[in-house]
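The values are calculated or read from the model by the stated rules, or taken from the named source; none is laboratory data. This structure is a prediction, so every number in the text was calculated from the model and none was measured. Cβ sites come from the backbone with ideal geometry, for glycine too, and all protein chains shown count toward neighbours. With ligands, DNA and RNA removed, areas are computed over all heavy atoms of the protein, side chains included. Shrake-Rupley method; radii C 1.70, N 1.55, O 1.52, S 1.80 Å.
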Amino acid sequence: MTDDKAGEPVAFDDPVVAARIAKHQEVLRDGGYPYRFDRTDLARDLHERFVDIDPGSETGVDVTVAGRLMNVRDMGRLAFGVLQDVSGRIQLFVSKAVLGDEDFARFLDLDSGDWVGATGEVMATKKGELSVRISSFVLLSKALRPLPDKWHGLKDIEARSRRRYVDLMVNEESRKTALTRAKVISGLRRQFEDRGFIEVETPVLLTQATGATARPFQTHHNALDLDLSLRIATELFLKRLVVGGIERVFEIGRIFRNEGIDATHNPEFTMLEAYQAFADYGDIMVLIEEVVASVAEAAVGTSTITYQGRMLDLTPPFRRVRLVDLVAEIVGEDVSLDTSIDRLRALAGRCGIAADPSWGTGRIIFEIYEAGAESTIWEPTFVTDYPKEVSPLSRLHRDDPRLTERFELVIAGSEYANAFSELNDPFDQRERFEAQAEARAAGDDEAHPIDEDYLLALEYGLPPTGGLGIGVDRLVMLLTDRRHIREVILFPTMRPEQ
(Lines give C-alpha, C1' and ligand atoms only; values in the text may rest on other atoms or scores of the structure.)
Protein backbone atom coordinates (compact mmCIF):
# COMPACT_ATOMS: atom_id res chain seq x y z
CA MET A 1 0.00 0.00 0.00
CA THR A 2 1.10 3.59 -0.45
CA ASP A 3 0.56 7.04 0.85
CA ASP A 4 -0.10 10.25 -1.08
CA LYS A 5 3.50 10.56 -2.28
CA ALA A 6 3.14 8.83 -5.64
CA GLY A 7 3.41 5.31 -4.38
CA GLU A 8 6.03 5.58 -1.62
CA PRO A 9 5.53 2.97 1.16
CA VAL A 10 4.05 4.13 4.43
CA ALA A 11 6.07 3.11 7.50
CA PHE A 12 4.33 1.05 10.15
CA ASP A 13 5.42 3.60 12.76
CA ASP A 14 3.38 6.28 10.98
CA PRO A 15 0.80 7.49 13.56
CA VAL A 16 -2.14 6.99 11.16
CA VAL A 17 -1.08 3.42 10.43
CA ALA A 18 -0.35 2.76 14.10
CA ALA A 19 -3.89 3.85 15.04
CA ARG A 20 -5.37 1.52 12.43
CA ILE A 21 -3.24 -1.39 13.67
CA ALA A 22 -4.52 -0.75 17.20
CA LYS A 23 -8.11 -0.97 15.92
CA HIS A 24 -7.26 -4.19 14.08
CA GLN A 25 -5.81 -5.74 17.22
CA GLU A 26 -8.92 -4.75 19.16
CA VAL A 27 -11.11 -6.56 16.61
CA LEU A 28 -8.97 -9.67 17.01
CA ARG A 29 -9.33 -9.51 20.77
CA ASP A 30 -13.13 -9.26 20.38
CA GLY A 31 -13.36 -12.41 18.27
CA GLY A 32 -11.95 -11.40 14.88
CA TYR A 33 -13.48 -10.88 11.45
CA PRO A 34 -16.26 -12.89 9.74
CA TYR A 35 -15.23 -15.82 7.54
CA ARG A 36 -17.95 -15.05 5.00
CA PHE A 37 -20.76 -12.58 4.30
CA ASP A 38 -24.06 -12.84 2.45
CA ARG A 39 -24.52 -9.91 0.06
CA THR A 40 -27.86 -9.56 -1.73
CA ASP A 41 -27.21 -6.69 -4.16
CA LEU A 42 -24.49 -4.85 -6.05
CA ALA A 43 -24.34 -1.06 -6.26
CA ARG A 44 -24.94 -1.05 -10.02
CA ASP A 45 -28.02 -3.24 -9.70
CA LEU A 46 -29.52 -0.90 -7.09
CA HIS A 47 -28.95 2.16 -9.27
CA GLU A 48 -30.59 0.39 -12.21
CA ARG A 49 -33.50 -0.94 -10.16
CA PHE A 50 -34.32 2.34 -8.43
CA VAL A 51 -33.37 4.77 -11.18
CA ASP A 52 -36.70 6.61 -11.00
CA ILE A 53 -36.89 7.05 -7.22
CA ASP A 54 -38.06 10.49 -6.08
CA PRO A 55 -35.89 12.65 -3.80
CA GLY A 56 -36.69 12.12 -0.12
CA SER A 57 -38.64 8.91 -0.74
CA GLU A 58 -38.43 5.46 0.85
CA THR A 59 -38.87 2.10 -0.85
CA GLY A 60 -39.60 -0.32 1.98
CA VAL A 61 -37.00 -2.64 0.38
CA ASP A 62 -34.21 -3.96 2.58
CA VAL A 63 -30.91 -5.01 0.97
CA THR A 64 -27.49 -6.13 2.10
CA VAL A 65 -24.45 -4.59 0.42
CA ALA A 66 -20.72 -5.07 0.90
CA GLY A 67 -17.59 -3.39 -0.34
CA ARG A 68 -14.76 -1.01 0.50
CA LEU A 69 -15.66 2.11 2.48
CA MET A 70 -14.15 4.97 0.50
CA ASN A 71 -14.95 7.82 2.91
CA VAL A 72 -17.14 8.84 5.87
CA ARG A 73 -18.69 12.27 6.48
CA ASP A 74 -19.84 13.04 10.04
CA MET A 75 -22.82 15.45 10.07
CA GLY A 76 -23.65 15.25 13.76
CA ARG A 77 -26.61 12.94 14.21
CA LEU A 78 -26.19 11.73 10.63
CA ALA A 79 -23.23 10.31 8.75
CA PHE A 80 -22.69 9.38 5.12
CA GLY A 81 -20.35 6.77 3.70
CA VAL A 82 -19.47 5.79 0.15
CA LEU A 83 -19.34 2.02 -0.34
CA GLN A 84 -17.51 0.75 -3.44
CA ASP A 85 -17.97 -2.76 -4.79
CA VAL A 86 -16.92 -4.38 -8.05
CA SER A 87 -19.85 -2.80 -9.91
CA GLY A 88 -19.70 0.79 -8.65
CA ARG A 89 -20.62 2.90 -5.63
CA ILE A 90 -23.63 3.33 -3.36
CA GLN A 91 -24.10 5.80 -0.51
CA LEU A 92 -24.64 4.60 3.05
CA PHE A 93 -27.07 6.80 5.02
CA VAL A 94 -26.26 6.41 8.72
CA SER A 95 -28.65 7.75 11.37
CA LYS A 96 -27.92 7.78 15.09
CA ALA A 97 -31.66 7.42 15.65
CA VAL A 98 -31.68 4.16 13.70
CA LEU A 99 -28.36 2.65 14.84
CA GLY A 100 -28.26 3.92 18.40
CA ASP A 101 -25.43 5.80 20.07
CA GLU A 102 -23.00 2.88 20.41
CA ASP A 103 -23.23 1.55 16.85
CA PHE A 104 -23.29 5.09 15.41
CA ALA A 105 -20.01 5.81 17.21
CA ARG A 106 -18.64 2.47 16.00
CA PHE A 107 -19.49 3.43 12.41
CA LEU A 108 -17.70 6.77 12.78
CA ASP A 109 -14.66 4.85 14.01
CA LEU A 110 -14.36 3.08 10.63
CA ASP A 111 -11.59 4.23 8.30
CA SER A 112 -11.42 4.79 4.58
CA GLY A 113 -10.41 1.56 2.91
CA ASP A 114 -12.14 -0.74 5.41
CA TRP A 115 -14.23 -3.59 3.99
CA VAL A 116 -17.76 -3.31 5.34
CA GLY A 117 -21.04 -5.18 5.01
CA ALA A 118 -24.29 -3.32 5.71
CA THR A 119 -28.02 -4.04 5.75
CA GLY A 120 -30.78 -1.46 5.45
CA GLU A 121 -33.60 0.11 3.46
CA VAL A 122 -33.11 1.58 0.00
CA MET A 123 -34.09 5.25 0.02
CA ALA A 124 -33.23 8.59 -1.55
CA THR A 125 -31.95 11.64 0.28
CA LYS A 126 -33.63 15.01 -0.11
CA LYS A 127 -31.01 15.81 -2.74
CA GLY A 128 -31.98 12.66 -4.66
CA GLU A 129 -28.92 10.56 -3.81
CA LEU A 130 -29.78 6.85 -3.85
CA SER A 131 -28.72 5.41 -0.49
CA VAL A 132 -28.99 2.47 1.87
CA ARG A 133 -30.19 3.63 5.29
CA ILE A 134 -28.35 1.07 7.31
CA SER A 135 -29.86 -0.72 10.29
CA SER A 136 -26.78 -2.87 10.93
CA PHE A 137 -23.23 -3.22 9.68
CA VAL A 138 -20.16 -5.37 10.20
CA LEU A 139 -16.46 -4.72 9.69
CA LEU A 140 -15.23 -7.43 7.30
CA SER A 141 -11.56 -6.49 7.05
CA LYS A 142 -9.45 -3.60 8.33
CA ALA A 143 -7.37 -1.48 5.98
CA LEU A 144 -4.15 -0.92 7.90
CA ARG A 145 -2.98 1.77 5.50
CA PRO A 146 -4.89 4.84 4.31
CA LEU A 147 -6.17 5.30 0.78
CA PRO A 148 -3.86 7.59 -1.20
CA ASP A 149 -5.94 10.61 -2.19
CA LYS A 150 -3.44 11.89 -4.75
CA TRP A 151 -3.78 8.69 -6.79
CA HIS A 152 -7.16 9.83 -8.06
CA GLY A 153 -6.58 10.47 -11.76
CA LEU A 154 -2.89 9.69 -11.41
CA LYS A 155 -1.12 9.74 -14.79
CA ASP A 156 2.09 7.98 -13.71
CA ILE A 157 1.68 4.62 -15.47
CA GLU A 158 4.71 3.10 -13.74
CA ALA A 159 3.47 3.89 -10.21
CA ARG A 160 -0.01 2.62 -11.03
CA SER A 161 1.38 -0.58 -12.58
CA ARG A 162 3.58 -1.35 -9.59
CA ARG A 163 0.71 -0.93 -7.12
CA ARG A 164 -2.15 -2.17 -9.26
CA TYR A 165 -4.23 -3.00 -6.20
CA VAL A 166 -4.11 0.67 -5.17
CA ASP A 167 -4.79 1.78 -8.73
CA LEU A 168 -7.92 -0.39 -8.87
CA MET A 169 -9.14 0.95 -5.53
CA VAL A 170 -9.03 4.62 -6.40
CA ASN A 171 -9.18 4.88 -10.20
CA GLU A 172 -12.53 4.07 -11.73
CA GLU A 173 -11.08 4.03 -15.24
CA SER A 174 -8.57 1.35 -14.24
CA ARG A 175 -11.35 -0.86 -12.88
CA LYS A 176 -13.37 -0.27 -16.04
CA THR A 177 -10.38 -1.23 -18.20
CA ALA A 178 -9.84 -4.46 -16.25
CA LEU A 179 -13.49 -5.44 -16.59
CA THR A 180 -13.55 -4.52 -20.30
CA ARG A 181 -10.50 -6.71 -20.87
CA ALA A 182 -12.43 -9.64 -19.44
CA LYS A 183 -15.32 -8.86 -21.79
CA VAL A 184 -12.96 -8.71 -24.79
CA ILE A 185 -11.46 -12.13 -24.02
CA SER A 186 -14.90 -13.61 -23.39
CA GLY A 187 -16.18 -12.06 -26.61
CA LEU A 188 -13.28 -13.43 -28.66
CA ARG A 189 -13.79 -16.90 -27.24
CA ARG A 190 -17.52 -16.77 -28.00
CA GLN A 191 -16.95 -15.56 -31.58
CA PHE A 192 -14.67 -18.47 -32.42
CA GLU A 193 -16.69 -21.09 -30.59
CA ASP A 194 -19.85 -19.95 -32.38
CA ARG A 195 -18.03 -20.51 -35.69
CA GLY A 196 -17.15 -24.10 -34.82
CA PHE A 197 -13.57 -23.57 -33.62
CA ILE A 198 -12.25 -25.85 -30.87
CA GLU A 199 -10.24 -24.23 -28.06
CA VAL A 200 -7.05 -26.08 -27.12
CA GLU A 201 -3.91 -25.63 -25.04
CA THR A 202 -0.41 -26.07 -26.43
CA PRO A 203 2.97 -26.23 -24.64
CA VAL A 204 4.64 -23.20 -23.08
CA LEU A 205 7.99 -24.93 -22.43
CA LEU A 206 9.68 -25.97 -25.66
CA THR A 207 12.98 -27.49 -26.70
CA GLN A 208 12.86 -25.06 -29.62
CA ALA A 209 10.90 -21.79 -29.81
CA THR A 210 9.17 -21.68 -33.20
CA GLY A 211 6.21 -20.11 -34.98
CA ALA A 212 7.47 -16.51 -35.21
CA THR A 213 10.57 -14.44 -35.80
CA ALA A 214 11.43 -13.38 -32.26
CA ARG A 215 14.06 -13.83 -29.56
CA PRO A 216 12.93 -16.35 -26.90
CA PHE A 217 13.45 -16.52 -23.15
CA GLN A 218 15.64 -19.43 -22.04
CA THR A 219 15.18 -21.64 -18.98
CA HIS A 220 16.35 -25.02 -17.71
CA HIS A 221 14.53 -28.13 -16.48
CA ASN A 222 16.58 -29.67 -13.68
CA ALA A 223 15.12 -33.20 -13.60
CA LEU A 224 15.67 -33.73 -17.34
CA ASP A 225 18.82 -31.57 -17.39
CA LEU A 226 17.29 -29.94 -20.44
CA ASP A 227 17.56 -26.39 -21.76
CA LEU A 228 14.12 -25.07 -22.74
CA SER A 229 12.60 -21.94 -24.22
CA LEU A 230 9.33 -20.21 -23.43
CA ARG A 231 7.05 -20.18 -26.45
CA ILE A 232 7.07 -17.20 -28.81
CA ALA A 233 3.92 -18.35 -30.65
CA THR A 234 1.41 -21.19 -30.72
CA GLU A 235 1.29 -21.45 -34.51
CA LEU A 236 3.13 -24.64 -35.34
CA PHE A 237 1.44 -26.71 -32.64
CA LEU A 238 -2.00 -25.50 -33.74
CA LYS A 239 -1.24 -26.39 -37.34
CA ARG A 240 -0.11 -29.84 -36.21
CA LEU A 241 -3.65 -30.23 -34.84
CA VAL A 242 -5.13 -29.29 -38.22
CA VAL A 243 -2.90 -31.97 -39.77
CA GLY A 244 -4.39 -34.35 -37.20
CA GLY A 245 -7.91 -33.53 -38.35
CA ILE A 246 -9.11 -30.81 -35.94
CA GLU A 247 -10.13 -28.56 -38.81
CA ARG A 248 -10.93 -25.39 -36.84
CA VAL A 249 -8.78 -24.71 -33.80
CA PHE A 250 -7.84 -21.73 -31.63
CA GLU A 251 -5.95 -20.83 -28.48
CA ILE A 252 -5.93 -17.74 -26.27
CA GLY A 253 -2.70 -17.79 -24.31
CA ARG A 254 0.34 -16.06 -22.93
CA ILE A 255 3.27 -15.52 -25.32
CA PHE A 256 6.82 -14.65 -24.23
CA ARG A 257 9.30 -12.69 -26.35
CA ASN A 258 12.63 -11.41 -25.11
CA GLU A 259 12.26 -7.99 -26.69
CA GLY A 260 12.16 -4.33 -25.75
CA ILE A 261 9.44 -2.68 -23.70
CA ASP A 262 7.51 0.30 -25.05
CA ALA A 263 3.95 1.59 -25.36
CA THR A 264 2.80 -1.40 -27.46
CA HIS A 265 5.23 -4.15 -26.37
CA ASN A 266 5.50 -6.16 -23.15
CA PRO A 267 7.71 -9.28 -22.97
CA GLU A 268 4.72 -11.29 -21.71
CA PHE A 269 1.50 -10.73 -23.64
CA THR A 270 -1.73 -12.42 -24.71
CA MET A 271 -2.35 -13.68 -28.23
CA LEU A 272 -5.27 -15.40 -29.90
CA GLU A 273 -4.25 -17.71 -32.74
CA ALA A 274 -6.73 -19.61 -34.89
CA TYR A 275 -6.50 -21.92 -37.93
CA GLN A 276 -9.28 -22.87 -40.33
CA ALA A 277 -8.95 -25.70 -42.82
CA PHE A 278 -10.11 -25.14 -46.41
CA ALA A 279 -9.77 -21.33 -46.07
CA ASP A 280 -7.33 -18.80 -47.50
CA TYR A 281 -6.26 -15.33 -46.39
CA GLY A 282 -9.28 -13.77 -48.08
CA ASP A 283 -11.59 -15.84 -45.89
CA ILE A 284 -9.54 -14.86 -42.83
CA MET A 285 -9.90 -11.16 -43.64
CA VAL A 286 -13.68 -11.51 -43.52
CA LEU A 287 -13.42 -13.54 -40.30
CA ILE A 288 -11.23 -10.96 -38.56
CA GLU A 289 -13.30 -7.91 -39.49
CA GLU A 290 -16.47 -9.64 -38.35
CA VAL A 291 -14.88 -10.75 -35.07
CA VAL A 292 -13.36 -7.33 -34.26
CA ALA A 293 -16.65 -5.52 -34.87
CA SER A 294 -18.64 -8.07 -32.85
CA VAL A 295 -16.21 -8.01 -29.92
CA ALA A 296 -16.33 -4.19 -29.88
CA GLU A 297 -20.13 -4.32 -29.69
CA ALA A 298 -20.00 -6.89 -26.88
CA ALA A 299 -17.29 -5.15 -24.84
CA VAL A 300 -18.10 -1.44 -25.20
CA GLY A 301 -21.52 -1.43 -26.85
CA THR A 302 -20.53 0.00 -30.24
CA SER A 303 -18.24 -0.58 -33.23
CA THR A 304 -17.76 3.18 -33.69
CA ILE A 305 -15.31 4.28 -31.02
CA THR A 306 -13.12 7.23 -30.07
CA TYR A 307 -9.40 6.55 -29.80
CA GLN A 308 -6.97 9.26 -28.70
CA GLY A 309 -9.47 11.96 -29.57
CA ARG A 310 -10.29 10.68 -33.07
CA MET A 311 -13.21 8.64 -34.33
CA LEU A 312 -12.64 5.08 -35.51
CA ASP A 313 -15.22 3.01 -37.35
CA LEU A 314 -14.68 -0.73 -36.87
CA THR A 315 -17.68 -1.66 -39.02
CA PRO A 316 -16.82 -4.08 -41.87
CA PRO A 317 -15.61 -4.11 -44.54
CA PHE A 318 -12.09 -2.84 -43.80
CA ARG A 319 -9.86 -1.20 -46.39
CA ARG A 320 -7.49 -3.50 -48.30
CA VAL A 321 -4.19 -2.22 -49.74
CA ARG A 322 -0.97 -3.87 -50.91
CA LEU A 323 2.20 -3.27 -48.90
CA VAL A 324 4.19 -2.17 -51.97
CA ASP A 325 1.55 0.43 -52.82
CA LEU A 326 1.83 1.94 -49.34
CA VAL A 327 5.61 2.10 -49.70
CA ALA A 328 5.20 3.83 -53.06
CA GLU A 329 3.02 6.47 -51.37
CA ILE A 330 5.67 7.08 -48.70
CA VAL A 331 8.66 7.41 -51.04
CA GLY A 332 6.72 9.28 -53.72
CA GLU A 333 7.50 6.98 -56.64
CA ASP A 334 6.56 3.56 -57.99
CA VAL A 335 8.13 0.71 -56.03
CA SER A 336 7.98 -3.02 -56.73
CA LEU A 337 10.06 -6.14 -56.36
CA ASP A 338 11.43 -5.29 -59.81
CA THR A 339 12.93 -2.02 -58.54
CA SER A 340 16.72 -2.27 -58.49
CA ILE A 341 18.22 -3.06 -55.13
CA ASP A 342 20.52 -0.05 -55.36
CA ARG A 343 17.53 2.24 -55.83
CA LEU A 344 15.72 0.59 -52.91
CA ARG A 345 18.77 1.06 -50.68
CA ALA A 346 18.83 4.73 -51.60
CA LEU A 347 15.13 5.08 -50.81
CA ALA A 348 15.68 3.28 -47.51
CA GLY A 349 18.51 5.66 -46.64
CA ARG A 350 16.21 8.57 -47.37
CA CYS A 351 13.82 7.09 -44.79
CA GLY A 352 16.60 6.78 -42.21
CA ILE A 353 17.12 3.04 -42.70
CA ALA A 354 20.63 1.58 -43.00
CA ALA A 355 19.98 -1.40 -45.28
CA ASP A 356 21.98 -4.47 -44.30
CA PRO A 357 24.02 -5.87 -47.22
CA SER A 358 22.32 -9.25 -46.75
CA TRP A 359 18.83 -7.83 -47.31
CA GLY A 360 17.10 -8.56 -50.58
CA THR A 361 14.55 -6.31 -52.30
CA GLY A 362 11.64 -7.75 -50.33
CA ARG A 363 13.27 -7.13 -46.94
CA ILE A 364 14.17 -3.54 -47.85
CA ILE A 365 10.62 -2.79 -49.04
CA PHE A 366 9.27 -4.28 -45.81
CA GLU A 367 11.63 -2.20 -43.66
CA ILE A 368 10.59 1.00 -45.46
CA TYR A 369 6.95 0.11 -44.82
CA GLU A 370 7.54 -0.49 -41.10
CA ALA A 371 9.59 2.66 -40.69
CA GLY A 372 7.34 5.09 -42.55
CA ALA A 373 4.06 3.70 -43.85
CA GLU A 374 2.47 1.74 -41.01
CA SER A 375 2.21 4.76 -38.71
CA THR A 376 0.26 6.75 -41.33
CA ILE A 377 -2.71 4.34 -41.31
CA TRP A 378 -5.69 5.35 -39.16
CA GLU A 379 -8.84 3.52 -40.25
CA PRO A 380 -8.85 -0.30 -40.04
CA THR A 381 -6.76 -1.52 -42.98
CA PHE A 382 -5.62 -4.91 -44.21
CA VAL A 383 -2.07 -4.45 -45.53
CA THR A 384 -1.61 -7.37 -47.92
CA ASP A 385 0.90 -9.38 -49.93
CA TYR A 386 4.15 -9.37 -47.94
CA PRO A 387 7.47 -10.33 -49.52
CA LYS A 388 8.47 -13.98 -49.23
CA GLU A 389 11.74 -12.91 -47.61
CA VAL A 390 9.99 -11.75 -44.41
CA SER A 391 7.22 -14.37 -44.32
CA PRO A 392 8.74 -17.81 -43.65
CA LEU A 393 5.42 -19.49 -42.77
CA SER A 394 3.14 -17.98 -45.45
CA ARG A 395 2.04 -19.64 -48.68
CA LEU A 396 3.37 -18.19 -51.92
CA HIS A 397 1.09 -15.71 -53.63
CA ARG A 398 -0.90 -17.35 -56.38
CA ASP A 399 -0.09 -14.48 -58.80
CA ASP A 400 3.53 -13.69 -57.85
CA PRO A 401 5.80 -16.27 -56.15
CA ARG A 402 8.05 -13.51 -54.81
CA LEU A 403 5.17 -12.47 -52.54
CA THR A 404 3.12 -14.38 -49.99
CA GLU A 405 -0.57 -14.43 -49.18
CA ARG A 406 -0.12 -12.64 -45.89
CA PHE A 407 -1.75 -9.58 -44.38
CA GLU A 408 -1.64 -7.53 -41.22
CA LEU A 409 -4.54 -5.59 -39.74
CA VAL A 410 -3.36 -2.07 -38.95
CA ILE A 411 -5.45 0.42 -36.97
CA ALA A 412 -4.35 3.82 -35.69
CA GLY A 413 -0.75 3.16 -36.70
CA SER A 414 -0.34 -0.19 -34.93
CA GLU A 415 -0.59 -3.85 -35.94
CA TYR A 416 -3.49 -5.76 -34.41
CA ALA A 417 -3.48 -9.02 -36.37
CA ASN A 418 -1.22 -11.05 -38.62
CA ALA A 419 -2.62 -13.71 -40.93
CA PHE A 420 -1.72 -16.00 -43.85
CA SER A 421 -2.78 -18.51 -46.35
CA GLU A 422 -0.69 -21.13 -44.55
CA LEU A 423 2.32 -22.69 -46.24
CA ASN A 424 1.59 -26.40 -46.56
CA ASP A 425 4.31 -27.64 -48.94
CA PRO A 426 6.93 -29.41 -46.77
CA PHE A 427 9.68 -28.90 -49.38
CA ASP A 428 9.04 -25.16 -49.72
CA GLN A 429 8.81 -24.90 -45.91
CA ARG A 430 12.17 -26.63 -45.51
CA GLU A 431 13.80 -24.25 -47.98
CA ARG A 432 12.47 -21.26 -46.05
CA PHE A 433 13.54 -22.70 -42.72
CA GLU A 434 17.02 -23.25 -44.15
CA ALA A 435 17.16 -19.66 -45.39
CA GLN A 436 16.16 -18.52 -41.91
CA ALA A 437 18.82 -20.78 -40.40
CA GLU A 438 21.44 -19.11 -42.58
CA ALA A 439 20.28 -15.70 -41.37
CA ARG A 440 20.42 -16.99 -37.81
CA ALA A 441 23.97 -18.23 -38.31
CA ALA A 442 24.88 -14.81 -39.70
CA GLY A 443 23.77 -13.16 -36.44
CA ASP A 444 19.99 -12.64 -36.74
CA ASP A 445 18.87 -14.07 -33.37
CA GLU A 446 15.20 -13.52 -34.28
CA ALA A 447 15.36 -15.70 -37.40
CA HIS A 448 13.26 -18.88 -37.37
CA PRO A 449 15.04 -22.17 -36.55
CA ILE A 450 14.43 -25.40 -38.45
CA ASP A 451 11.64 -27.41 -36.80
CA GLU A 452 12.11 -30.98 -38.02
CA ASP A 453 9.04 -32.37 -36.24
CA TYR A 454 6.81 -29.73 -37.84
CA LEU A 455 8.27 -30.59 -41.25
CA LEU A 456 7.46 -34.24 -40.53
CA ALA A 457 3.88 -33.24 -39.69
CA LEU A 458 3.57 -31.39 -43.01
CA GLU A 459 4.64 -34.55 -44.82
CA TYR A 460 1.40 -36.17 -43.58
CA GLY A 461 -0.52 -33.38 -45.32
CA LEU A 462 -1.85 -30.01 -44.17
CA PRO A 463 -5.02 -29.11 -46.10
CA PRO A 464 -5.43 -25.60 -47.54
CA THR A 465 -5.58 -23.54 -44.35
CA GLY A 466 -5.99 -19.92 -43.31
CA GLY A 467 -4.48 -18.78 -40.02
CA LEU A 468 -4.45 -15.66 -37.88
CA GLY A 469 -3.02 -14.14 -34.75
CA ILE A 470 -4.73 -11.28 -32.88
CA GLY A 471 -2.93 -9.23 -30.23
CA VAL A 472 -5.42 -9.25 -27.36
CA ASP A 473 -3.69 -6.57 -25.27
CA ARG A 474 -3.60 -4.13 -28.18
CA LEU A 475 -7.26 -4.79 -28.95
CA VAL A 476 -8.10 -3.95 -25.34
CA MET A 477 -6.00 -0.77 -25.63
CA LEU A 478 -8.00 0.22 -28.68
CA LEU A 479 -11.41 -0.45 -27.15
CA THR A 480 -10.58 1.25 -23.82
CA ASP A 481 -8.73 4.22 -25.38
CA ARG A 482 -5.42 3.48 -23.66
CA ARG A 483 -2.07 4.67 -25.01
CA HIS A 484 0.21 2.26 -23.11
CA ILE A 485 0.10 -1.53 -22.92
CA ARG A 486 0.86 -1.36 -19.19
CA GLU A 487 -2.58 0.14 -18.67
CA VAL A 488 -4.33 -2.99 -19.95
CA ILE A 489 -2.06 -5.70 -18.48
CA LEU A 490 -2.84 -5.96 -14.79
CA PHE A 491 0.71 -6.89 -13.81
CA PRO A 492 3.13 -5.88 -16.60
CA THR A 493 6.83 -6.74 -16.65
CA MET A 494 8.82 -4.08 -14.80
CA ARG A 495 12.29 -3.56 -13.42
CA PRO A 496 12.30 -4.26 -9.65
CA GLU A 497 12.35 -1.25 -7.38
CA GLN A 498 15.64 -0.48 -5.71
Counting only strands (runs of 3 or more DSSP E) wholly inside the range 300-352, the ones holding at least 1 residues that are open to solvent by less than 60 Å² (accessible area, probe 1.4 Å) and over 30 Å from Ala178 (Cα atoms) are 319-322
Any idea which of (1) open to solvent by 30 Å² or more (accessible area, probe 1.4 Å); (2) outside any strand (DSSP E or B) is the one Ile368 doesn't satisfy? (1)
Residue check for Gly253: in a strand (DSSP E or B) and modelled with pLDDT of 95 or more: yes
Suppose we filter Ser358, Ser294 for residues that are part of a helix (DSSP H, G or I) and hydroxyl-bearing (Ser, Thr, Tyr); which single one remains? Ser294
Just to verify a result, which residue in the range 169-196, among those that are among the small types (Gly, Ala, Ser) and assigned to a helix (DSSP H, G or I), is farthest from Leu147 (Cα to Cα)? Gly187
Here are Val94, Val86: which of them is surrounded by 21 or more Cβ atoms within 10 Å (Cβ to Cβ), out of contact with any His (no Cβ under 7 Å at 6 or more places or on another chain) and at negative phi? Val94
Mind listing whichever residues of the range 23-71 are of a type in the set (A, V, I, L, M), open to solvent by 50 Å² or more (accessible area, probe 1.4 Å) and closer than 28 Å to Asp109 by Cβ? Leu28
Selection count, the range 222-239, where residues are in contact with an Asp or Glu (Cβ under 8 Å, 6 or more places away or on another chain) and not β-branched (Val, Ile, Thr): 5
Name every residue in the range 459-498 that is more than 24 Å from the chain's Cα centre (by Cα) and crowded, with 23+ Cβ neighbours inside 10 Å, in order of residue number. Thr465, Gly466
Out of everything in the range 281-299 that is of a type in the set (Asp, Glu) and surrounded by fewer than 18 Cβ atoms within 10 Å (Cβ to Cβ), what residue ends up being farthest from Arg395 (Cα to Cα)? Glu297
What number of residues within the range 382-407 are surrounded by fewer than 20 Cβ atoms within 10 Å (Cβ to Cβ) and either without any contact (Cβ under 8 Å) to a residue 60 or more places away in the chain or assigned to a strand (DSSP E or B) (or both)? 4
Under 9 Å between Cβ atoms, which residue pairs at least 6 apart in sequence (or on different chains) link something in the range 9-34 that is of a type in the set (A, V, I, L, M) and assigned to a helix (DSSP H, G or I) with a partner that is modelled with pLDDT of 95 or more and surrounded by 11 or more Cβ atoms within 10 Å (Cβ to Cβ)? Val16/Asp111; Val17/Leu144; Ala19/Asp111; Ile21/Lys142; Ile21/Leu144; Val27/Tyr33; Val27/Leu139; Val27/Lys142
